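First comes the structure, then the notes that go with it.
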Amino acid sequence: MTIYKKLQITSYLAPNWFEFYQAIAAYLGRVLKVEFQLQQGEHDPLEDSLLFQDQIDLAFICGLPLIRYSQIVSNQLQTLVAPVMQSSRYSNCPVYYADVIVNANSNIKKFTDLAGKTFCYNDLGSNSGYNLLSHKLVQQKYPENFFGKTLQSGSHQRSIRWVVEGLADCAAIDSVVLEQELKDFPELSQHLRVVEVLGPSPMPPLVVAQRLGISLTQQMQLALLQPDAELQKVMKQFGVRRFAAVSLEDYQILNQIYKDRSCVSLSR
């Protein structure tokens with residue numbers, strides 16, 4: 001059996017949850033007596049050479065790039081767990097939503113008012129930031145080029161600021177990221193209004209490289225399903241009720257939504 005002294009974890013998710021991922025890494029280190037080194041991913045997972053070279057041991061990753069990557073490189077990544085949020089809107093399930101936000105001072109009251117407006121998104125590969133909204137336009141037969149303009153911000157947090165500052169009229173934001181940002185910067189709440197909620201979608205999971213073996217993988221999963229008091233304290237700070245075991249199949253729905261969206265152009 002291989003003995004690992006150090007394991008590499010990469011987060012491809014929003015940095016305002018990085019402290020939470022640090023707590024998970026520290027907890028797994030305490031339980032398994034292995035050093036876990038966490039870093040913020042610098043690339044889209046579908047463009048990260050370290051991932052393609054199987055040099056990342058664990059990753060916090062959005063479900064859409066996960067399922068797309070798994071179709072390119074099969075039998076490399078295995079899902080461990082996903083967080084279940086405390087708020088009643090999540091129904092004690094490992095899910096999240098995309099909240100479509102506008103500036104609170106705007107005259108935009110409902111989704112149809114967004115026609116011709118400027119939409120900003122974090123990146124094209126994002127489920128919450130782009131995929132779900134594109135799918136809504138297709139499914140409900142909104143006209144081609146629904147928005148007047150689209151802008152890529154590079155991150156959910158920047159998209160939030162752009163809407164607040166009037167650089168964009170609207171954005172679709174991961175509900176968990178938005179809630180944390182409003183905790184960190186409560187003054188933002190007076191500048192934002194949610195006009196549409198998309199989802200639910202399966203919560204971004206923690207995945208593990210299959211080469212680590214079944215035994216270690218099971219130990220990590222069991223540890224996260226039974227967190228100690230120190231990790232539970234951080235979970236409470238981030239509004240996490242518990243962790244739930246998830247499978248790769250849980251995320252297949254996102255790939256179908258991604259395929260459906262491919263025939264729509266969002267702006268002129």
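FYI, it's all coordinate maths here, none of it is from the lab. Since we're looking at a predicted model, the values are computed, not measured. When we count neighbours, we look across all protein chains shown, and the Cβ atoms used for this are built from the backbone with ideal geometry, even at glycine.
Summing +1 for each Lys or Arg and -1 for each Asp or Glu, what net charge is found among the other residues whose Cβ lies under 14 Å from the Cβ of Asp44? Please report the intermediate quantities before stating the final value.
On the way: positive: Arg68; negative: Glu42, Glu47, Asp48, Asp123.
Counting the neighbours of Asp44, the net charge comes to -3.
Give the relative contact order (percent, whole number) for the stretch 119-244; include only Cα pairs under 8 Å separated by 6+ residues.
Working: 96 pairs, mean separation 28.4, N = 126.
Relative contact order, the stretch 119-244: 23 percent.
Leu192 sits among other residues whose Cβ lies under 10 Å from its own Cβ, and their net charge, with Lys and Arg +1 and Asp and Glu -1, is -1. Specify whether the C-alpha gyration tensor of the stretch 114-268 places it in the rounded, prolate or oblate class, a ≥ b ≥ c being the square roots of the eigenvalues: rounded for a/c under 1.5, otherwise prolate if a/b is larger than b/c and oblate if not. It is oblate, given that a/c is not under 1.5 and a/b is not larger than b/c.
Taking the DSSP bridge list for the stretch 63-203 and keeping only pairs wholly inside it, about 70 percent are antiparallel.
The string of couplings for the stretch 170-180 from the Karplus curve (6.51, -1.76, 1.60, θ = phi - 60°) is 7, 7, 9, 10, 3, 4, 5, 5, 4, 4, 5 Hz, one whole number per residue in order, with x for Gly and Pro. If you take the square roots of the eigenvalues of the alpha-carbon gyration tensor of the stretch 1-155 and sort them as a ≥ b ≥ c, do you get rounded (a/c under 1.5), prolate (a/b over b/c) or oblate? Verdict is prolate for the stretch 1-155. Using θ = phi - 60° in the Karplus curve 6.51 cos²θ - 1.76 cosθ + 1.60, the 3J(HN,Hα) couplings for the stretch 32-41 round to 9, 6, 10, 7, 10, 9, 9, 9, 7, x Hz; x is entered for Gly and Pro.
Summing charges over neighbours of Met203, with a neighbour being any other residue whose Cβ is under 12 Å away from its Cβ, gives 0 when K and R count +1 and D and E count -1. Candidate values [x] 67, 41, 35; [y] 60, 39, 31; [z] 77, 42, 37 were compared with Cα extents along the principal axes in Å computed on the shown model; the agreeing label is [y]. Here the simple spin-label model places points 7 Å from the Cα toward Cβ, and for Glu42 and Gln55 these points are separated by 1.1 nm.
So which trypsin sites (Lys or Arg not before Pro) in the stretch 36-125 pass both tests, a DSSP loop state and at most 10 other Cβ atoms within 10 Å of the Cβ?
Working: sites: Arg68, Arg89, Lys109, Lys110, Lys117; in loops: Lys109, Lys110, Lys117.
Answer in residue order: Lys109, Lys110.
Would you work out if the stretch 69-176 is rounded, prolate or oblate? Take a ≥ b ≥ c from the square roots of the eigenvalues of the alpha-carbon gyration tensor; rounded if a/c is under 1.5, else prolate when a/b is larger than b/c, oblate otherwise.
Note, shape of the stretch 69-176 comes out prolate.
Residues whose amide H lies under 5 Å from that of Tyr96, counting only those 5 or more places away or on a different chain, are Ser201, Met203; hydrogens are built 1.01 Å from N in the peptide plane.
Mind pulling the per residue volume of the convex hull built on the Cα atoms of the stretch 1-60? Å³ is fine. Intermediate results must be reported in sequence, preceding the final value.
Details: hull volume 4.6 nm³, N = 60.
Per-residue hull volume (Cα only) is 76 Å³.
Going by amide H atoms built from the backbone, whose H comes under 5 Å of the H on Leu77, apart from near neighbours? The list, which skips near neighbours in sequence, is Gln210. Against the chain, whose longest principal axis comes from its Cα atoms, helix 252-261 is set at around 30 degrees. Taking θ as phi - 60° and the Karplus parameters 6.51, -1.76 and 1.60, the scalar couplings of the stretch 225-242 work out to 6, 10, x, 7, 4, 5, 5, 4, 4, 6, 4, 5, 4, 9, x, 9, 7, 6 Hz in sequence order, x denoting glycine and proline. For the pair Glu249 and Arg158, label points projected 7 Å from Cα toward Cβ lie 3.9 nm apart. From least to most packed, judged by other beta carbons within 10 angstrom and beginning with the fewest, Cys62, Cys120 follow the order Cys120, Cys62.
Split the chain at each of the GluC sites (Glu not before Pro) in a DSSP loop with at most 12 other beta carbon atoms within 10 Å, and the longest piece is 145-268.
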